[in-house]
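*Asks:* Quick one: the structure is below, and I'll ask about it shortly.
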Amino acid sequence: MAPGTVTVVDGDRIVEVLGDARPDSVLLDPAMLEPAVGWTLRPEGLCRGNVCVQVQDPDALHVDGAISLRAVADSLRRPYAMSADPAVAVLGESSEALDPSLLDHRAPAFTLPDVNGNDVSLEDFAGRKRMLLAWSSW
């Protein structure tokens, strides 16, 4: 493994660890897994504290003596994206962690200011058809 600094983004956590950014995955020394994403590899699976997720094929996590961050994300059923240059890996939220209303194709409850600065809630329009328009200048 040719280590370099890899930025790992996991939710609100952004950490820099030593790793090898390859075109298909970031490889981490097993000791770097917990500092990078908060999970450890144990015989019972990937564990965070007392919570463990069984890994179907533990050998698939290992590449050249290192741990593949992509394989870890797949085992945790989380989206994964990366860039080799600069070396950045991002683990998205699992679908199980999303608001259940999204699974029912309903927008979650929210309140935003209108063009006049007045708070408007989605619930204010319950029972009526609604169209949500989002725009950004960037």
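The values are calculated or read from the model by the stated rules, or taken from the named source; none is laboratory data. All values reported here derive from a predicted model rather than from experimental measurement. Neighbour counts are summed over all protein chains in view; Cβ atoms, including those assigned to glycine, are modelled from backbone coordinates with ideal geometry.
*Asks:* Look at Asp85 and say whether it is loosely packed, with under 10 Cβ neighbours inside 10 Å, of a type in the set (Asp, Glu) and farther than 23 Å from Pro3 by Cβ. Show your work before the answer.
*Replies:* Details: loosely packed, with under 10 Cβ neighbours inside 10 Å: yes; of a type in the set (Asp, Glu): yes; farther than 23 Å from Pro3 by Cβ: no.
Against the criterion (loosely packed, with under 10 Cβ neighbours inside 10 Å, of a type in the set (Asp, Glu) and farther than 23 Å from Pro3 by Cβ), Asp85 does not qualify.
*Asks:* Taking Val88, is it under 13 Å from the mean Cα position of the chain (by Cα) and of a type outside the set (S, T, N, Q)? Before the answer, list the steps.
*Replies:* Working: under 13 Å from the mean Cα position of the chain (by Cα): yes; of a type outside the set (S, T, N, Q): yes.
Answer is yes for this residue.
*Asks:* Mind listing whichever residues of segment 17-40 are in a strand (DSSP E or B) and either among the small types (Gly, Ala, Ser) or out of contact with any helix residue (DSSP H, G or I) (no Cβ under 9 Å at 6 or more places or on another chain) (or both)?
*Replies:* Scanning segment 17-40 gives Gly19, Asp20, Ala21.
*Asks:* Another question about this same structure. Examine segment 44-56 for a residue that is of a type in the set (A, V, I, L, M) and in a loop (DSSP other than H, G, I, E, B), and state whether such a residue exists. Explain how you work it out, then say what you get.
*Replies:* Taking segment 44-56 as the starting set, the residues that turn out to be of a type in the set (A, V, I, L, M) are 46, 51, 53, 55.
Still in the list and also in a loop (DSSP other than H, G, I, E, B): 55.
Scanning segment 44-56 turns up at least one residue that is of a type in the set (A, V, I, L, M) and in a loop (DSSP other than H, G, I, E, B).
*Asks:* Hey, another quick one. Which of the numbered conditions does Glu34 fail, given that it passes all the others? Conditions: (1) farther than 25 Å from Thr7 by Cα; (2) surrounded by 15 or more Cβ atoms within 10 Å (Cβ to Cβ).
*Replies:* Going through (1) farther than 25 Å from Thr7 by Cα; (2) surrounded by 15 or more Cβ atoms within 10 Å (Cβ to Cβ) one by one, Glu34 breaks only (1).
*Asks:* Now for a different question. So for segment 64-74 (the condition being surrounded by fewer than 17 Cβ atoms within 10 Å (Cβ to Cβ) and among the β-branched types (Val, Ile, Thr)), does at least one residue qualify?
*Replies:* No.
*Asks:* While we're on this one: Tell me whether segment 117-129 contains one or more residues that are at pLDDT below 75, of a type in the set (A, V, I, L, M), surrounded by 11 or more Cβ atoms within 10 Å (Cβ to Cβ) and over 30 Å from Leu27 (Cα atoms).
*Replies:* no
*Asks:* Still on this structure, I have one more. How about segment 108-138: which of its residues are under 31 Å from the mean Cα position of the chain (by Cα) and among the hydrophobic types (A, V, I, L, M, F, W, C)?
*Replies:* Once the filter is applied, which keeps residues that are under 31 Å from the mean Cα position of the chain (by Cα) and among the hydrophobic types (A, V, I, L, M, F, W, C), segment 108-138 yields Ala109, Phe110, Leu112, Val120, Leu122, Met131, Leu132, Leu133, Ala134, Trp135, Trp138.
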